Amino acid sequence: GVISARQAFDRVVAEGIWDQHAFVELMREDIPLDFSEEIVREAEKIQLDELFASREDLTHLDAVTIDDVSTTDMDDAVSVQFREDGGFQVGVHITDVTALIPMHSALEQDARARGSSLYFPDKKIPMLPSVLSEGLGSLKPHENRLAVSLLWDVDAVGQMAAPMWTLSVIRCNEKLSYDEVDAILDDAIHTRHPMLSSLFGVAEDLLVQRVETGAVVVAHVDRRVKVLADGTVDVE
C-alpha cells in the first residue's frame, strides 16, 4: 500500500536515524543549523570601533527598543527629542548590519545563501552568527551601535515635516517590552509616558494617512506559539 509522509517519518524515527523533532523542511532545503568555523572566525574579527568614523553621532538621543521580552536581536529603536516650542523630533533607527559585514567575504556569502533568520516556536536559526545577530548588530542598551536613522520634526499641532536620513552611531538607553509600553501608555505620571504617547500619536496619524491614500487594512488574530519544557504546545 501507499505509505504516507507521516508514516515514513515515524519509521525513520523508530529506526533511530532521526530525532522526533528533526527539522525535515530545513534538511529538504539544505539549510545548515550551525555556522562553520570560518564564518565564526570572520565574525569575531570585526571591530566595531573602527566603523564609527564619518557617521553622525546621535548618541545623545534618548533611544529605546520595543520588542518581545525574549528578543535578543534588537534591530530597530525609536527616539523622541522634545523642543521648547512644543514640537519634537522623532527618530527611527535601524541597525546597519551592511556596514558590519565585509563585502565579498565568506560571511556575506553565507548570509546571502541563508537569506533571513528563521523563527520556530522552540528555536531560532539566525542569518548571522550570534556575535553579530545578538552582539555587534543588536541595539543593546548602553552600547554604541551603527544605525541608519530616519529623523523628522513634528510641530506643536502635529504637522510632520519631511524626513531626513543619516548614517549614525546611536546608544539605546533601555530595552522595553510591548507589555511594558502598554502599561506606560496607561500611566500618565511615568517618566517615559510623554515620549511613548508622542510616538503613539505619530503612529496613529501615519496610519490614518496610509488608509486615506488607499492602504488595505487587514484585521487578523495575532497568535503566539510556544513549546513548553514538557514538550506540549501552548497557543495564545
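The values are calculated or read from the model by the stated rules, or taken from the named source; none is laboratory data. Keep in mind it's a predicted model, so treat the numbers as computed, not measured. Virtual Cβ from ideal backbone geometry, glycine too; neighbours counted across all protein chains shown. Calculation scope for accessible area: heavy atoms of the full protein, side chains included, ligands and nucleic acids excluded. Shrake-Rupley method; radii C 1.70, N 1.55, O 1.52, S 1.80 Å.
The figures follow:
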quantity: Helices (runs of 4 or more DSSP H) fully within the stretch 29-142 counting 3 or more residues that are touching a helix residue (DSSP H, G or I) at 6+ places or on another chain (Cβ under 7 Å) and either open to solvent by 20 Å² or more (accessible area, probe 1.4 Å) or under 23 Å from Arg224 (Cβ atoms) (or both); calculated: 37-45
quantity: Which listed residue, of Gly231, Gly201, is within 30 Å of Pro121 (Cβ to Cβ), open to solvent by less than 70 Å² (accessible area, probe 1.4 Å) and modelled with pLDDT under 95; calculated: Gly231
quantity: Per-region count, the stretch 188-199, residues under 25 Å from Arg224 (Cβ atoms) and out of contact with any helix residue (DSSP H, G or I) (no Cβ under 6 Å at 6 or more places or on another chain); calculated: 1
quantity: Residues (more than 22 Å from the chain's Cα centre (by Cα) and either on the phi > 0 side of the Ramachandran plot or not hydrophobic (A, V, I, L, M, F, W, C) (or both)) located in the stretch 176-197; calculated: Asp186, Asp187, His190, Thr191, His193, Pro194
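Yes or no, residue by residue, for (1) in contact with an Asp or Glu (Cβ under 9 Å, 6 or more places away or on another chain); (2) at pLDDT below 95:
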residue: Ala53; (1), (2): no, yes
residue: Thr98; (1), (2): no, yes
residue: Ala113; (1), (2): no, yes
residue: Leu118; (1), (2): no, yes
residue: Val148; (1), (2): yes, no
residue: Ala156; (1), (2): yes, yes
